[in-house]
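Here's the structure we're looking at; comments come further down.
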Amino acid sequence: MTVPALPASDTTAISDRTGVSGDTERERVPRLWHELRAVHALVHRDLLRLASQPVHTALMLVQPMLYLFILGGGLAALIPNSSLGGGYQAYLFPGVLMMTVQTPAIMVGIRLITDRQSGYVRELLMAPVHRPTLLLGTCAGGTLVATVQGAVLLALVGAIGLPYDPLLLLMLFGGMLLTSFTLTALALTLAVSLDRPEVFNMLLGLVMMPLLLLSGGFFPVGNLPGWAHTLAAANPLAYGVDLLRRCIAVRVPDRTAPTTVEWSGWQPPLLLEGTLLLTIGILALLWASHRFSRPE
């Protein structure tokens with residue numbers, strides 16, 4: 001039995017569709033590979049910078065350690081343990097971790113502005129990848145560097161009376177990773193909107209200290225007036241400090257400290273605080289990517 005031949009036009013159409021589909025699949029994989037390689041290159045660049053500047057990294061850790069041992073040690077004798085659920089140094093520890101991760105996270109924004117001025121960003125834009133991919137790699141590198149620097153202080157938990165519990169250390173590391181991502185994304189959101197690092201530094205000088213004081217990292221926000229409670233509930237740093245402090249409370253129940261974040265007297269669950277931090281970071285990164293994608 002002879003199979004009737006297809007018309008030439010139909011045969012051509014089928015081969016064209018097959019060819020286009022195959023080419024699309026073959027092009028999609030290299031495109032994704034290029035995007036992932038770009039992210040990896042930017043993360044590797046930040047890690048190389050961290051490894052090549054050990055003195056600078058050590059100096060960035062000096063200030064948090066001074067706060068922890070000098071300020072914390074001095075005030076520990078004046079503040080009763082019963083008011084904080086434990087010693088003041090243990091209460092201060094989440095705030096010190098927040099100080100440690102916020103500095104490298106903020107520096108990502110400053111570096112983006114200076115790279116744009118020096119022409120380095122223009123060279124990056126010549127790569128065959130999307131602009132949001134470059135911003136994602138920058139955010140990932142800054143997040144990892146900030147988390148690594150904060151993880152150094154985790155070795156000091158025994159010095160302030162906390163146990164070397166692997167699960168506790170893992171939970172604190174995860175909380176720092178999440179907080180570092182959110183802070184880095186917020187720093188990039190501010191950096192893509194500014195042209196000069198001087199303006200960036202001036203804004204940070206005006207904003208960062210009030211955010212730190214209202215984060216609950218140094219003293220309970222509950223002792224402040226009611227309007228301060230409202231500001232603390234809108235402060236991303238307060239959620240980061242509260243997340244770290246409640247991680248300690250989960251593993252060390254006798255070190256339960258007053259929480260910072262309350263919504264009309266209601267304390268949000270730990271998972272909700274983490275989800276909110278992640279959502280803020282993602283939205284900030286999406287908005288920064290939208291701004292960064294616009295042609296200059």
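Take Ile282 and tell me if it is open to solvent by 20 Å² or more (accessible area, probe 1.4 Å) and of a type in the set (A, V, I, L, M, F, W, C). For Ile282, the condition - open to solvent by 20 Å² or more (accessible area, probe 1.4 Å) and of a type in the set (A, V, I, L, M, F, W, C) - is met. In summary, Ala90 fulfils each of the numbered conditions (1) among the aliphatic types (A, V, I, L, M); (2) over 22 Å from Gly216 (Cα atoms); (3) not in a loop (DSSP other than H, G, I, E, B) with the single exception of condition (2).
Based on this model, can you work out whether Pro128 counts as closer than 25 Å to Ala191 by Cβ and assigned to a loop (DSSP other than H, G, I, E, B)? I'd like the intermediate steps shown before the answer.
Values: closer than 25 Å to Ala191 by Cβ: yes; assigned to a loop (DSSP other than H, G, I, E, B): yes.
Taking the combined requirement at face value, the residue satisfies it.
Restricting the stretch 239-266 to residues that are open to solvent by 20 Å² or more (accessible area, probe 1.4 Å) and in a helix (DSSP H, G or I), the residue that is farthest from Gly281 (Cα to Cα) is Asp254.
Would you point out which residue out of Gly217, Gly222 is over 25 Å from Ala58 (Cβ atoms) and modelled with pLDDT under 90? After ruling out the rest, the residue left standing is Gly222.
Looking for something among the basic types (Lys, Arg), surrounded by 10 or more Cβ atoms within 10 Å (Cβ to Cβ) and either at pLDDT 85 or above or touching a Cys at 6+ places or on another chain (Cβ under 6 Å) (or both) - is there at least one such residue anywhere in the stretch 22-36? No - not one qualifying residue is present in the stretch 22-36.
Here Val55 passes the criteria (1) open to solvent by 80 Å² or more (accessible area, probe 1.4 Å); (2) outside any helix (DSSP H, G or I) except the one numbered (2). Number of residues in the stretch 170-205 that are within 15 Å of Gln102 (Cβ to Cβ) and among the aliphatic types (A, V, I, L, M): the value is 12. State whether the residues of the stretch 129-142 include one that is more than 17 Å from the chain's Cα centre (by Cα) and aliphatic (A, V, I, L, M). Yes, because at least one residue in the stretch 129-142 is more than 17 Å from the chain's Cα centre (by Cα) and aliphatic (A, V, I, L, M). The number of residues in the stretch 146-186 being surrounded by fewer than 21 Cβ atoms within 10 Å (Cβ to Cβ), touching a residue at least 40 places away in the same chain (Cβ under 8 Å), not small (Gly, Ala, Ser) and not in a helix (DSSP H, G or I) comes to 2. Can you find even one residue in the stretch 105-114 that is among the polar types (S, T, N, Q) and open to solvent by 10 Å² or more (accessible area, probe 1.4 Å)? Within the stretch 105-114, one or more residues are among the polar types (S, T, N, Q) and open to solvent by 10 Å² or more (accessible area, probe 1.4 Å).
Scanning the stretch 188-238 for residues that are open to solvent by less than 50 Å² (accessible area, probe 1.4 Å), in contact (Cβ under 8 Å) with a residue 60 or more places away in the chain and part of a helix (DSSP H, G or I) gives Leu188, Thr189, Ala191, Pro197, Phe200, Leu204, Met208, Leu212, Leu237. Within the stretch 273-290, residues that are over 20 Å from Gly141 (Cβ atoms) have Cβ atoms under 8 Å from residues that are surrounded by fewer than 21 Cβ atoms within 10 Å (Cβ to Cβ) and hydroxyl-bearing (Ser, Thr, Tyr) in no pair, counting only partners at least 6 apart in sequence or on another chain. Any chance the stretch 255-272 includes a residue that's farther than 28 Å from Ile70 by Cα and among the polar types (S, T, N, Q)? Checking the stretch 255-272: at least one residue is farther than 28 Å from Ile70 by Cα and among the polar types (S, T, N, Q).
The values are calculated or read from the model by the stated rules, or taken from the named source; none is laboratory data. The model shown is predicted, which means the values in this text are computed figures rather than measured ones. As a convention, Cβ positions derive from the backbone with ideal geometry for all residues, glycine included, and neighbour counts pool all protein chains shown. Just the protein is used for accessible areas: all its heavy atoms, side chains included, with ligands, DNA and RNA removed. Shrake-Rupley method; radii C 1.70, N 1.55, O 1.52, S 1.80 Å.
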